[in-house]
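The values are calculated or read from the model by the stated rules, or taken from the named source; none is laboratory data. Here the structure is a predicted model, which is why all the values come from computation and not from measurement. When we count neighbours, we look across all protein chains shown, and the Cβ atoms used for this are built from the backbone with ideal geometry, even at glycine. In case anyone asks, the SASA skips ligands and DNA or RNA and just uses the protein heavy atoms, side chains included. Shrake-Rupley method; radii C 1.70, N 1.55, O 1.52, S 1.80 Å.
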Amino acid sequence: MIQERNIVLIGFMGTGKTSVGKALAKKLKRPLMDVDRLIEEKTKRKIKEIFEKEGEAYFRKIEKEAVNEVSGSRGAVITTGGGVVLDPENISALKRGGVLICLSSSAETIFKRVKNSEKRPLLNSEDKLAQIRKLLSERAPLYKVADHQMDTDRQTPEETAVAIMKLLEEDAP
Ligand code: S3P
């Protein structure tokens, strides 16, 4: 596996990026960088609060700065927010130093994982499942930019981390 390249996890909300990222960083003994956590540190606010008080456009601006910052690292596991793919410049920055892996799950699984979460302002809707389906279909083409796709529907985060390690070993020149 190429040691210095970042391993970047992208994918829709609730596909397991955070838990898979943690498992992967632990197994590979690599630093973990989470774009949403970095945004919260920079702004000293929770993501939900940023959306409520400043709006999505402001969040995307800070997200872009945070993406540029983490993209400069080497050998890290980087986890991103589900909307990182909305700006193609984010993807170019992340791809420059890293391999992109997109985690995916069905709308039903995502719904089960996020239905009680208060942390996702974009799913703050009467019909969460319908909102997930709508956003998923809008974003599906954008997630295709990843170097690899990985379905997390029937795998634990540990199993997904092992599968990613295998994938990257096979991929190494
Ligand atoms: C977002 C996903 C969230 C967070 C923000 C916006 C999105 O991250 O960045 O609420 O646009 O899909 P997770 O994917 O970690 O939930």
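For the criterion of being within 13 Å of the ligand (Cβ to nearest atom) and either under 18 Å from Tyr143 (Cα atoms) or aliphatic (A, V, I, L, M) (or both), Ala23 fails.
All conditions but one from (1) buried (at least 16 other Cβ atoms within 10 Å of the Cβ); (2) touching a residue at least 12 places away in the same chain (Cβ under 8 Å); (3) farther than 19 Å from Lys166 by Cα; (4) more than 10 Å from the ligand (Cβ to nearest atom) apply to Thr80; the one that does not is (4).
Can you tell me which of Leu100, Leu94, Leu142 is aliphatic (A, V, I, L, M) and open to solvent by 20 Å² or more (accessible area, probe 1.4 Å)?
Numbers: Leu100 fails: open to solvent by 20 Å² or more (accessible area, probe 1.4 Å); Leu94 fails: open to solvent by 20 Å² or more (accessible area, probe 1.4 Å).
Exactly one residue qualifies, and that residue is Leu142.
Of all the criteria given as (1) in contact (Cβ under 8 Å) with a residue 60 or more places away in the chain; (2) closer than 27 Å to Glu158 by Cα; (3) surrounded by fewer than 15 Cβ atoms within 10 Å (Cβ to Cβ), the one not satisfied by Lys29 is (1).
Name the single residue that is nearest to the ligand (Cβ to nearest atom) among those in the range 103-120 being assigned to a helix (DSSP H, G or I) and open to solvent by 40 Å² or more (accessible area, probe 1.4 Å).
Step one: list which residues in the range 103-120 are assigned to a helix (DSSP H, G or I), which gives 107-114.
Cutting the leftovers down to open to solvent by 40 Å² or more (accessible area, probe 1.4 Å) gives us 108, 111-113.
Values: Glu108: 17, Phe111: 13, Lys112: 14, Arg113: 10 Å.
Taking the candidates together, the pick is Arg113.
Residues of the range 68-93 that are charged (D, E, K, R) and not in a helix (DSSP H, G or I): Arg74, Asp87. Scanning the range 4-20 for residues being touching a helix residue (DSSP H, G or I) at 6+ places or on another chain (Cβ under 6 Å), away from the ligand (no atom under 11 Å from the Cβ) and aliphatic (A, V, I, L, M) gives a total of 2.
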